[in-house]
Amino acid sequence: MQDAASNALALWLETDAAATEVDTKGSKSWGVFLPAGGPTRFTQECESRGITKVQGMAQAITLWLDMHPSPSQRLVSQPVKRILVGNQKGGVGKTFVAAGLAQAMAEAGLRVLLVDYDPQGHLTSRLQIPGLPEGADSLLKHMLGEADKHLARSLVALPQERFGGRLHILPASKDAFLMDAKLALLQVGRDTCLARALAPLEDGYDVIVLDGPPNLGLAIDLAINYVQRRPGELIDHSGILMPVWSDRSSFDAYEMLNEQIGTHCRMTGAVVDQLGFVVNAYDARKGVVTRSFYDGWNELTTPGVLATLKDAIEGREASDYQVPLLEHAPESAQAETMRALAKELAA
């Protein structure tokens with residue numbers, strides 16, 4: 001980033017002062033170091049051109065990007081994209097966000113596996129999918145090495161035409177309530193048991209989305225391990241997406257989750273990317289406190305706010321009617337937000 005910014009400014013300083021103005025509305029601030037003397041010269045040049053430093057930097061970066069377009073193909077082959085939708089706090093919309101994101105990605109043409117990793121099974125029931133019967137080869141059985149059949153036998157495809165048969169669900173199983181207790185007895189390979197269980201499915205998908213449980217137990221620790229950056233994997237290709245509300249408890253919950261991620265990384269040497277926040281059920285009319293907490297999320301630039309879902313009836317209706325959001329209200333603001341989020345994370 002530092003080299004790119006320095007080269008961009010050097011290129012901009014050599015161009016005609018009448019550069020095209022760049023729209024910076026809604027842009028977020030970021031910082032970068034420049035070589036000695038660079039900030040002073042840049043400031044002076046902005047003053048001579050009669051523009052702000054924000055506009056000057058925007059022009060420089062835009063000019064550099066125009067001259068160095070992204071390659072049409074990945075320079076390094078990437079593994080399947082793995083996204084954990086997680087937060088310690090319950091009721092913030094993890095299931096709603098995980099399902100909506102998976103739907104939007106499948107609608108856009110990606111092959112998506114959506115894993116109901118929450119023992120409460122809300123995702124499974126909200127999509128009218130029967131849970132796995134007792135004794136079936138559940139995800140937990142595969143993690144324990146006790147399954148007899150391929151995990152693909154447990155998958156269910158959503159039938160709606162807009163998903164083109166590309167969105168598959170791994171339903172919840174009642175034995176998921178025992179996950180922490182049973183895995184605690186696993187002596188060998190516990191940290192990677194989720195990765196081993198899902199590995200046979202990975203080649204069939206572009207994205208795997210996990211709807212995480214509302215706690216910080218062993219199950220979420222294994223999910224954090226699963227979405228860690230693999231050798232050669234690009235930054236933010238996989239990682240954790242965090243739904244939050246504009247309230248104090250969400251900040252407290254994120255602080256605990258962030259601490260668990262940090263502890264996991266220190267103990268295992270893993271690198272886990274936090275993809276960003278999704279502020280859910282936001283309504284500015286709820287008062288100044290709600291708005292101030294919303295501003296607080298937006299001030300956290302690393303990770304930043306990727307999307308804001310307004311409090312709207314369409315999402316509640318989709319859940320009550322047990323119909324996918326993009327099928328129930330495809331033109332709604334919430335559906336469009338999910339599509340924009342999917343586009344951001346699929347890049």
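The values are calculated or read from the model by the stated rules, or taken from the named source; none is laboratory data. Remember, predicted model here, so these are calculated numbers, not experimental data. Note that each Cβ is placed from the backbone with ideal geometry, even for glycine, and that neighbours are counted across all protein chains shown. Protein only, heavy atoms only, side chains kept; ligands, DNA and RNA dropped before computing areas. Shrake-Rupley method; radii C 1.70, N 1.55, O 1.52, S 1.80 Å.
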Legend entry - residue 304 long-range amide H proximity, modeled H, under 5 Å: 277
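Note down the net charge around residue 218, summing +1 for each Lys or Arg and -1 for each Asp or Glu among other residues with Cβ under 12 Å from its Cβ.
-1
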Legend entry - Exposure of residue 248 as accessible area (Å², to 10), given a probe of 1.4 Å and all protein chains: 130 Å²
Inset, instruction - Compare 291, 166, 153, 316 by solvent-accessible area with a 1.4 Å probe and give them largest first, with all protein chains kept in place. - result: 153, 316, 291, 166
Legend entry - Probe 1.4 Å, all protein chains present, accessible-area order of 67, 1, 256, 105, largest first: 1, 67, 256, 105
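Given C-alpha coordinates of the chain, what is the ratio Rg to Rh with the Kirkwood estimate of Rh?
1.02
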Legend entry - With at most 12 other Cβ atoms within 10 Å, longest stretch of the chain clear of loop chymotrypsin sites (Phe, Trp or Tyr not before Pro) (DSSP): 34-347
Inset, instruction - Excluding residues fewer than 8 places away in the same chain, name every one of the lysines whose C-alpha is closer than 21 Å to that of residue 141. - result: 149, 174, 182
Inset, instruction - Quick one: give the max-minus-min coordinate of the C-alpha atoms of segment 181-233 along each principal axis, largest first, in Å. - result: 32, 26, 20
Legend entry - Solvent-accessible surface (1.4 angstrom probe) belonging to residue 70, in square angstrom, nearest 10: 110 Å²
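Charges at C-beta only: +1 for Lys and Arg, -1 for Asp and Glu. How large is the resulting dipole of segment 114-267 about its Cα centre, in Debye rounded to 20?
That gives a dipole near 220 debye.
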Inset, instruction - Could you look at the chain and say what percent of its accessible area is carbon and sulfur, using a 1.4 Å probe and all protein chains? - result: 53 percent
Inset, instruction - Work out the length of the dipole vector of the chain about its Cα centre, built from +1 on the beta-carbon of each Lys and Arg and -1 on the beta-carbon of each Asp and Glu, and round it to the nearest 20 debye. - result: 340 debye
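Excluding residue 265 itself, what net charge comes from residues whose Cβ is under 12 Å from its Cβ, given Lys and Arg +1 and Asp and Glu -1?
-1
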Legend entry - Spin-label model distance (nm) - residue 15 vs residue 203, 7 Å beyond Cα toward Cβ: 4.6 nm
Legend entry - Label-to-label distance, nm, for residues given as residue 120 and residue 320 (7 Å Cα→Cβ offset): 1.9 nm
Inset, instruction - Count the net charge of all other residues whose Cβ sits under 12 Å from the Cβ of residue 324, scoring Lys and Arg as +1 and Asp and Glu as -1. - result: -3
Inset, instruction - Leaving ligands, DNA and RNA out of it, work out the accessible area of residue 47 with a 1.4 Å probe and give it in Å² to the nearest 10. - result: 130 Å²
Legend entry - Within straight-line cross-link reach of residue 343, lysines at Cα separation under 25 Å, skipping those fewer than 8 residues along the same chain: 25, 28, 81, 94, 310
Legend entry - Inter-site label distance for residue 23 and residue 160 at 7 Å from Cα along Cβ, in nm: 2.9 nm
Legend entry - Dipole of the chain, positive direction: furthest Cα of 209, 125, 150, with charges on the beta-carbon: 150
Inset, instruction - Enter the angle in degrees (range 0 to 90, nearest 10) between the Cα long axis of helix 38-49 and the first principal axis of the Cα atoms of the chain, meaning the one along which they spread out most. - result: 60 degrees
